[in-house]
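K.L.:
Sending over a structure as structure tokens; questions will come in a sec.
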Amino acid sequence: MSHDLTVWGVGTSRTMRVHWMLLELGLEYECHPLQSRTGETRTDEFKRLNPRHKIPVLRHGSVVLTESAAIIQYLSETFPNSAEVYVPSDAVSRARLNEWCYFVMTELDAGSLYVVRRHDGLKQIYGEAPTAVESAKGYFLHNLAAMSARIGGDNTYLLGDQLSVADILLMTCLDWAPSCGIVLPEPWSHYRQRVALRPAYRAALKKNFAEYKS
Ligand SMILES: N[C@@H](CCC(=O)N[C@@H](CS)C(=O)NCC(=O)O)C(=O)O
């Protein structure tokens with residue numbers, strides 16, 4: 001069944017989140033394979049969707065969303081597939097999920113990996129800042145060490161035996177870290193191997209990365 005879903009963006013950790021969630025939920029969608037820093041996000045047409053000229057963007061009917069975490073949360077709630085993706089149903093469970101999501105998005109993504117990306121990999125655009133880059137890598141590892149006890153145990157995923165939005169956010173950061181020169185410690189590399197077995201993850205890697213380079 002078609003739900004009038006369209007995605008703009010491929011080739012990055014942030015776009016991977018959206019393709020992965022759509023595939024977990026078994027949803028068909030149209031894909032515009034725009035890539036970052038190619039000029040494709042700077043057209044007037046695209047900036048009408050996202051004035052910040054960033055990918056990913058999702059359009060569902062008349063709803064347009066432009067932040068990867070918000071997009072996958074919206075998809076998981078709008079098209080629930082309880083066999084594949086956990087969606088909390090009460091305030092406490094939702095808070096537990098959001099705690100992980102905000103932690104990953106603020107401390108690991110924006111506060112660590114994106115600092116390394118901007119001031120090392122993209123220093124020609126954002127400026128060189130070697131001290132900030134080293135500090136961000138250390139901060140990433142410090143956060144993983146502090147949270148290690150929370151991902152061990154009997155749970156396959158962060159919140160039990162089912163994948164959630166938080167796992168997709170975390171996995172895409174763990175996949176991103178090695179390209180920033182970060183070696184993942186245990187139990188994080190083990191968690192990564194475990195989650196990587198999911199068929200939808202592997203299909204999304206293909207869809208998001210196989211034919212494109214970031
Ligand atoms: N916080 C945003 C970050 C989006 C973002 O920075 N996207 C980058 C690629 S990963 C981009 O579109 N860059 C293109 C540009 O700046 O022109 C999200 O998670 O969706």
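K.L.:
Once both labels are modelled 7 Å past Cα along the beta-carbon direction, what's the Asn155-Glu40 spacing in nm?
P.N.:
3.6
K.L.:
Further, regarding this structure: Just the C-alpha atoms of the chain: what Rg/Rh do they give, with Rh taken as the Kirkwood radius?
P.N.:
Here the Rg-to-Rh quotient is 0.95.
K.L.:
By a straight-distance test (C-alpha under 17 Å), which lysines pair with Lys137 as possible cross-link partners, with residues fewer than eight away in the same chain excluded?
P.N.:
Lys123
K.L.:
Enumerate by residue number the trypsin sites (Lys or Arg not before Pro) in segment 116-154 meeting two conditions: DSSP loop (anything except H, G, I, E, B), and at most 16 other Cβ atoms within 10 Å of the site's Cβ.
P.N.:
Of the trypsin sites (Lys or Arg not before Pro), not one in the loops of segment 116-154 has a Cβ with at most 16 other Cβ atoms within 10 Å.
K.L.:
Further, regarding this structure: Considering the options Tyr102, Ser36, Thr15, tell which one lies farthest towards the positive end of the dipole of the chain, charges being +1 on Lys and Arg and -1 on Asp and Glu at the Cβ, about the Cα centre.
P.N.:
Ser36
K.L.:
What dipole magnitude, in Debye to the nearest 20, does the chain give about its Cα centre under +1 on Lys/Arg Cβ and -1 on Asp/Glu Cβ?
P.N.:
Here the chain has a charge dipole of around 540 debye.
K.L.:
Right, something else. Report the Cα centroid-to-centroid distance between segment 68-128 and segment 1-43 in angstrom, as an integer.
P.N.:
Segment 68-128 and segment 1-43 have Cα centres spaced 16 Å from each other.
K.L.:
If each of Ala110 and Glu84 carries a label point 7 Å out from its Cα toward its Cβ, how far apart are those two points in nm?
P.N.:
Once both label points are built, they end up 2.9 nm from each other.
K.L.:
So, one more: Express the relative contact order of the chain as a whole percentage, based on alpha carbon pairs under 8 Å and six or more residues apart in sequence.
P.N.:
26
K.L.:
Helix-only mean residue ellipticity at 222 nm, the chain, DSSP H runs n ≥ 4 weighted -39,500 (n - 2.57), per residue, nearest 500. What is it?
P.N.:
That calculation yields -12500 deg cm²/dmol at 222 nm.
K.L.:
Let me ask something else. So which residue, out of Ser135, Ser68, Ser13, gets the largest mean-square fluctuation from a GNM of the chain using Cα contacts under 10 Å as springs?
P.N.:
Ser135
K.L.:
Hey, for a label at His32 modelled as a point 7 Å past Cα toward Cβ, could you say which residues of segment 54-89 have their backbone N under 16 Å away?
P.N.:
54-67
K.L.:
Suppose all protein chains stay in the model; what accessible area per residue would a 1.4 Å probe give for segment 91-197, in Å²?
P.N.:
48
K.L.:
Provide the FRET efficiency to the nearest 0.05 for the Lys47-Asp4 pair, computing r from the beta carbons and using R0 = 22 Å.
P.N.:
The pair Lys47/Asp4 has a calculated efficiency of 0.50.
K.L.:
What do you get for trypsin sites (Lys or Arg not before Pro) in segment 1-75 restricted to DSSP loop and a cutoff of at most 13 other Cβ within 10 Å of the site's Cβ?
P.N.:
Arg37, Arg52
K.L.:
Under a Cβ-Cβ cut-off of 14 Å, what is the net charge of the residues other than Asn50 that fall near it, where Lys and Arg count +1 and Asp and Glu count -1?
P.N.:
For residues surrounding Asn50, the net value is +3.
K.L.:
Not counting the cut sites, what is the longest span of the chain without GluC sites (Glu not before Pro) that DSSP labels loop and that have at most 13 other Cβ atoms within 10 Å?
P.N.:
29-127
The values are calculated or read from the model by the stated rules, or taken from the named source; none is laboratory data. Since the structure is predicted, the reported quantities are computational estimates derived from the model, not experimental observations. So basically every Cβ, Gly included, is an ideal-geometry build from the backbone, and we count neighbours across all protein chains shown. Just so you know, the surface numbers come from the protein's heavy atoms only, side chains and all, with ligands and any DNA or RNA stripped out. Shrake-Rupley method; radii C 1.70, N 1.55, O 1.52, S 1.80 Å.
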